[in-house]
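Peer 1: Let me begin by handing over the structure; questions about it come next.
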Amino acid sequence: MVALGLHFFKETGLITGGTAGLALLLAKLTSFSFGQLFFAINLPFFVLAQIRMGSNFTLRTFICVSLVSLSTDYMGRVLAFEFIDPIFSAGMGGFLIGTGMLILIRHHSSLGGVNILALYLQDRFNLRAGNVQMALDLLILTASFFIVSWEILLLSIFGAITLNVVIAFNHKKGRYNAVA
């Protein structure tokens, strides 16, 4: 789900927040692929994950980051679009990424980066992960102001809001604790 949502974003030139947004932005400026950049940007966050979230979370997150990196880079080889409406891309891409992230959070995993930071801040200071993620995403999107057109930036913000609304309305601390 996440790779498909990111494929929508890549195909229409949209940016998102988090490490994925940084990777999309840097892919526009360098010869490295999204997947290579996404994986590399996430490497330092695995240390925080290990320290604060434990080995199981870190391993699952490492696997998820690796799979999203590979899947997104190779998605274009198996799925091509003649045309994608940028508004649809922003809304559906954001929905798919947010839903995918919600599933990963539910299974005690993440896509690394600021998502790990958001989950840590939720556990440590009781700040809602979706709200923290949205604030950080908006900061990253603001940085793209000088690289993409204002139309792409506005659609990117719409996509990031869609993504984060899915998480903010559906993920609450303790929601997934099993009762024995």
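Nothing in this text is a laboratory measurement; each read-out follows from the coordinates by a stated rule. As the structure is a prediction and not an experimental result, all values here were calculated from the model. Glycine gets a Cβ as well: all are built from the backbone with ideal geometry, and neighbour counts include every protein chain shown.
Peer 1: First measure r as the distance between the Cβ atoms of L139 and S31, then evaluate 1/(1 + (r/R0)^6) with R0 = 35 Å and state the FRET efficiency to the nearest 0.05.
Peer 2: Numbers: r = 26 Å, r/R0 = 0.74.
Step by step, r from the Cβ atoms, then E = 0.85.
Peer 1: Fewest first, what order do T61, T12, T99 take by the number of other Cβ atoms within 10 Å?
Peer 2: T99, T12, T61
Peer 1: For segment 2-21 and segment 91-126, what is the separation of their Cα centres, given in Å?
Peer 2: Spelled out, the Cα-based centre of one part sits 15 Å from the other.
Peer 1: Let me have the relative contact order for segment 46-157, percent, based on Cα pairs under 8 Å that are six or more residues apart.
Peer 2: Once normalised by length, the contact order is 28 percent.
Peer 1: Taking other Cβ within 10 Å of each residue's Cβ, how do D123, D137, D73 sort, fewest first?
Peer 2: D123, D73, D137
Peer 1: Which semi-axis lengths, in whole Å and largest first, follow from the square roots of five times the eigenvalues of the Cα gyration tensor of segment 2-170? Intermediate results must be reported in sequence, preceding the final value.
Peer 2: Working: eigenvalues 114, 60, 43 Å².
Result for segment 2-170: semi-axes of 24, 17, 15 Å.
Peer 1: Give the residue list of chymotrypsin sites (Phe, Trp or Tyr not before Pro) in segment 80-120 that are DSSP loop and have at most 13 other beta-carbon atoms within 10 angstrom.
Peer 2: F81, F83
Peer 1: Which residue fluctuates the most in the chain, going by a Gaussian network model with Cα springs under 10 Å, if the choices are G98, G112, G54?
Peer 2: It is G54.
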